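A short worksheet on the structure shown next.
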Amino acid sequence: MNTEQIKALNDAHVINTYGARKMAIVRGEGARLWDADGREYLDFFAGIAVCNLGHCHPKVTEAICRQAATLVHVSNLYYIEPQVRLADLLSRHSFAERWFFCNGGAEANEAAIKIARRFWAEQGTPRPGVVTALHSFHGRTLATITATGQPKYQKGFEPLLPGVTYVPYDDLAALEAALTPEVGLVLLEPIQGEGGVRVPAPGYLRGVRELCGKTGALLAFDEVQTGLGRTGTLFAYEHDGVTPDIMTLAKGLGNGVPIGAMGCTERVSAGFAPGSHAATFGGNPLSSAAAVATMEVLTEPGFVEAAAAKGERLFGALRALAAKHPKIVEVRGRGLMAGIECAEAVTPAISALLDAGIICGPAGPNVIRFLPPLIVSEGDIDHAVSTLDRVLGELGW
Ligand SMILES: *Cc1c(COP(=O)(O)O)cnc(C)c1O
């Protein structure tokens, strides 16, 4: 089908939650994508930080094909070999000791909220309160839009989950004031993604850890976007030398095959017992095999370090652009997660970049977000930034 035919069928039969789009992507390889009319693009969004290894990475494709020919699905009524391999790999490379698998980020955060509530309930001291940050994003289920500190995602879906309160991000005094004895969980992104690529001040996450320690509240990091190498370390919490009690993963975990995970310490894992939580597809053979292959590539010696070095190049070039374009307010981020805040709504800039063959996206109304695959080349980085330079110049920004 060509783009027009695809658009016509979409408009006839798909619920319009995503609005109109310019093209249909039908093929990908590495950092390159092709649309239904044969046009090539450089991908600086990676399907929203999903295809961190680039499109159709040979090792992931091979694992998917092998598993698809062996066993696609079996229920969690049986042990699942690829799932336990994945749990082992994730445990060896993070603070977490035990894992629950699901299908995406919202579900992983649901599991985090549920295990925290049940953890306290099981101890006979219920602490149902959950504190999250303003401008956060944690998903689209009812519990996770409640946890998401942005009214635009909640409007019309009330009543929301009781017990959730919000604090300004990067504000330790506000968090301290919010940590009443009823609060059993603090849920934060180490860098806010959808909310505008906001990086907290050095020491903030450490301060959060200490405040949680004072009241005993569990700390969960939502690493759905920042995890799996995106910020130049395997997990973003590593930059700050602090570990949470719970971590959620999804986007990059299967390099495009849907899978989510909630990992936690041994102590917190006691919050769930047989029967207390489940997901039919959670950690099934196909998605787990894709995630094992993804983790194997991500943890090859030097892989994440190379992504960090490319991030340095990207940020060096973006900061140079900020010095010459008056409408760039700030360049923020870490590794290969970059936000370029502008003084104007950024839709025209993103649209002009697309016309120039570069795919990227927004993070809120005023921020252009670059999330290239971690395998992006230095030449691709230079090309994307020089194209942005030209586009901003043409817009008079
Ligand atoms: C994308 C995202 C989610 C939601 O993930 P889904 O797979 O869309 O449910 C949750 N938290 C963060 C930080 C995200 O970026």
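The values are calculated or read from the model by the stated rules, or taken from the named source; none is laboratory data. What you are looking at is a predicted structure, and each value in this text was computed from that prediction instead of being measured. In this analysis, Cβ positions are derived from the backbone assuming ideal geometry, glycine residues included, and neighbour counts consider all displayed protein chains. With ligands, DNA and RNA removed, areas are computed over all heavy atoms of the protein, side chains included. Shrake-Rupley method; radii C 1.70, N 1.55, O 1.52, S 1.80 Å.
Looking across Arg369, Arg267, Arg332, one residue alone is basic (Lys, Arg) and out of contact with any strand residue (DSSP E or B) (no Cβ under 8 Å at 6 or more places or on another chain). It is Arg267.
When residues in region 316-372 are screened for being over 10 Å from Phe44 (Cβ atoms) and part of a helix (DSSP H, G or I), 17 of them pass.
Restricting attention to region 219-258 and to residues that are farther than 20 Å from Gln83 by Cα and among the β-branched types (Val, Ile, Thr), the residue that is most open to solvent (accessible area, probe 1.4 Å) turns out to be Thr243. With respect to (1) basic (Lys, Arg); (2) free of Cβ contacts under 8 Å to residues at least 40 places away in the same chain; (3) part of a helix (DSSP H, G or I), the lone exception for Arg21 is condition (3). Restricting Thr125, Thr146, Thr70 to residues that are among the polar types (S, T, N, Q) and within 16 Å of the ligand (Cβ to nearest atom) narrows the list to Thr146.
Quick check on my filter: what residues within region 235-274 are hydrophobic (A, V, I, L, M, F, W, C) and within 16 Å of the ligand (Cβ to nearest atom)? Within region 235-274, Phe235, Ala236, Ile246, Met247, Leu249, Ala250, Leu253, Val257, Ile259, Ala261, Met262 meet the criteria. Please verify whether Arg230 is within 15 Å of the ligand (Cβ to nearest atom) and either touching a Gly at 6+ places or on another chain (Cβ under 6 Å) or charged (D, E, K, R) (or both), treating the condition exactly as stated. In short, yes. Identify, from the list Arg313, Arg267, the residue that is of a type outside the set (A, V, I, L, M), touching a helix residue (DSSP H, G or I) at 6+ places or on another chain (Cβ under 6 Å), in a helix (DSSP H, G or I) and open to solvent by 50 Å² or more (accessible area, probe 1.4 Å). Checking each option against the conditions leaves just Arg313.
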